[in-house]
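Notes to accompany the following structure.
The values are calculated or read from the model by the stated rules, or taken from the named source; none is laboratory data. Owing to the predicted nature of the structure, the values given are computational and were not obtained by experimental measurement. As a convention, Cβ positions derive from the backbone with ideal geometry for all residues, glycine included, and neighbour counts pool all protein chains shown. Note: areas computed on protein heavy atoms with side chains; ligands, DNA, RNA excluded. Shrake-Rupley method; radii C 1.70, N 1.55, O 1.52, S 1.80 Å.
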Amino acid sequence: MVHVELVNTDDYISKLSNDLLLEILSNLSTEEVIRTSVLAKRWVNVWKKTSHLCLDMRKIAKATTLLPGVSHQAANSVTKVINDHCGHLERCTIYHDSRQCENGMLQFWIQSLVNVKHTMDLTLGNFSPGLKSNNRSNVTLDFPPRSFSHPSLTSLSLSQYNLKAPHVFYDCWNLKNLKLIGISAEVEVFNAVLVACTSLEVLALEITCHRKDGILKIDNHNLKFLYLSCSRIKGVEVSSPSLDILSIGSLSCEMENFIIASPRLHFNRNYWATGKFFPHTSYYISCPHQGEASIGHEIMMNGSSDGMKMFASMSVSVDLTNAKEVKMLKQVLAAWPGDMQEVEILFKSNNAARKESESSIGNTQNTFWEDTKPFPSAQFRAYTVWLSNFSGSNEEFALASRMITQGTVARCMMIKPSSVSPAKKLEIEAAIARLKELPKGHENLRIVMS
């Protein structure tokens with residue numbers, strides 16, 4: 001008598017709803033997602049409704065010399081994927097070579113993605129096979145006016161192009177997020193582009209001007225986050241009253257030619273104070289209204305800020321009596337990818353010690369400072385720490401003492417007192433003297449009143 005064990009061949013995954021299948025596919029690359037179409041009939045059209053596409057011709061260039069025939073075949077594959085996709089496309093990323101700019105294919109992709117698919121977040125990058133990343137040749141982005149002005153498009157990133165005219169950006173009030181990386185143009189073209197994008201909240205410029213004789217002008221009342229890395233530029237003028245974060249990677253202009261009208265970003269340290277050797281970020285921490293997100297803080301936390309690099313410097317203003325602001329300070333410092341060259345913490349004027357009964361936030365804060373864990377983390381280190389507007393309050397003393405004893409600051413702590421009466425000055429000097437008596441996490445740490 002033969003025993004036969006029946007094998008259950010039911011495909012339970014294929015029986016799941018489209019929403020669950022799309023959730024599974026969201027964890028895969030676009031190449032892997034498209035390959036699922038051969039698994040079974042149930043999967044043939046599932047990938048066509050994914051919300052994100054990343055079509056990267058650089059991978060082909062790594063595998064083989066990108067001859068014209070190979071490039072054309074790869075571009076046709078990109079076109080087919082775009083045409084076959086029939087769902088709501090939130091984000092699309094395309095890396096291509098210069099041939100697609102020359103034969104009109106890139107323009108077709110943009111037209112299809114922006115005006116037909118109504119893509120919300122579009123990233124376009126040009127690359128030149130065989131050239132090193134720091135020596136790429138730019139191709140001119142010359143498309144019809146208002147190519148990026150569809151209301152659905154809110155985020156646009158362009159990489160490695162040359163702009164001869166700004167007309168492609170006309171009426172781009174729809175854009176909230178704009179990144180121009182490796183873009184070259186006349187400074188007048190950049191200024192016209194920024195004038196056309198009136199609703200920007202996030203702006204990242206890594207640009208090169210053709211001639212070093214113009215002023216880059218950024219006048220935007222909605223801007224929250226600004227990153228600048230500009231070469232061959234005479235000066236910069238920024239007027240953004242809502243700006244919370246200014247991050248400078250590199251600027252070729254001198255400090256006297258950098259003019260900023262932003263009431264929140266008044267610090268003692270800046271990009272030029274450290275000798276223009278390190279990227280510098282100025283961050284005014286503020287808690288958004290309930291139910292709203294802090295746009296700048298989200299960028300800092302998700303690692304997309306180019307200013308967050310090892311050995312960079314930072315200035316940050318915070319109210320230590322506000323538990324939410326202290327939490328945000330801790331988060332951004334703990335998320336830093338390596339040691340910081342310098343960090344300035346400017347205490348807001350309302351840091352004066354409060355009685356516990358005055359504020360529930362203050363009560364929460366007292367509990368926070370009782371935490372014995374390293375602030376912001378055991379891994380964070382800064383070579384120099386500036387404490388500006390120091391009043392000697394309990395919160396300020398607690399923060400300074402923890403940074404000293406736990407080894408957060410490695411070489412020097414510079415303390416700049418607030419402008420106060422002679423009697424208060426004596427109290428501040430006494431607080432600094434007590435800080436100097438604390439056991440140090442680094443034996444050679446200097447504590448200096450500036």
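The table that follows gives values for the structure above.
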quantity	calculated
Principal-axis tilt of helix 187-196 within the chain, Cα atoms, nearest 10 degrees	80 degrees
0 to 90° range, to nearest 10: angle between helix 68-84 axis and the chain longest Cα axis	80 degrees
Solvent-accessible area of residue 95 with every protein chain in place, 1.4 Å probe, in Å² to the nearest 10	60 Å²
For the chain, average projected area of the Cα convex hull in nm²	31.2 nm²
Average accessible surface area per residue within the chain, 1.4 Å rolling probe, Å²	49 Å²
Sum of -39500 (n - 2.57) over DSSP H runs of 4+, divided by residues of the chain (222 nm, nearest 500)	-7500 deg cm²/dmol
Listed pairs 15/49; 179/348; 224/324 exceeding 27 Å between Cα atoms	179/348
Nearest-ten-degree value, helix 323-334 long axis tilted from longest Cα axis of the chain	70 degrees
Residue 309 paired with residue 103, simple spin-label distance in nm, labels 7 Å along Cα-to-beta-carbon	3.7 nm
Portion, in percent, of the accessible area of the chain that falls on carbon or sulfur, probe 1.4 Å	52 percent
Over 25 Å (Cα to Cα) - which of 416/440; 48/164; 276/327; 212/276; 217/276 fall in this group	48/164; 276/327
Alpha carbon Rg of the range 381-450, scaled by the compact-globule rule 2.2 N^0.38 Å	1.03
HN-Hα J in Hz across the range 141-154 - Karplus 6.51, -1.76, 1.60, θ = phi - 60°, x for Gly and Pro	9, 10, 10, x, x, 6, 5, 10, 9, 5, x, 6, 7, 10
Whole-number percent relative contact order across the chain, with pairs defined as alpha carbons under 8 Å at least 6 apart	6 percent
Using θ = phi - 60° and Karplus 6.51 cos²θ - 1.76 cosθ + 1.60, couplings along the range 431-445 (whole Hz; Gly, Pro as x)	5, 5, 4, 5, 5, 5, 7, 5, x, 9, x, 10, 4, 8, 5
For the range 195-327, size of Cβ-based charge dipole, Lys and Arg +1, Asp and Glu -1, in debye	320 debye
Amide proton proximity set for residue 252, modelled H, under 5 Å, gap of 5+	230, 232, 233
Spacing of the two label points (7 Å from each Cα toward its C-beta) at residue 40 and residue 446, in nm	7.2 nm
Partner aspartates and glutamates for residue 59 [C-alpha distance under 16 Å; skip if fewer than 8 residues away on the same chain]	31, 32, 97
Cα Rg, Dmax (largest Cα-Cα span) when computed across the range 219-319, Å	13.3, 43
Heavy atoms of residue 403: accessible area, 1.4 Å probe, square angstrom to 10	0 Å²
Estimated translational D of the range 147-277 in µm²/s (Stokes, Kirkwood radius over Cα pairs; 37 °C; 0.692 mPa s)	221 µm²/s
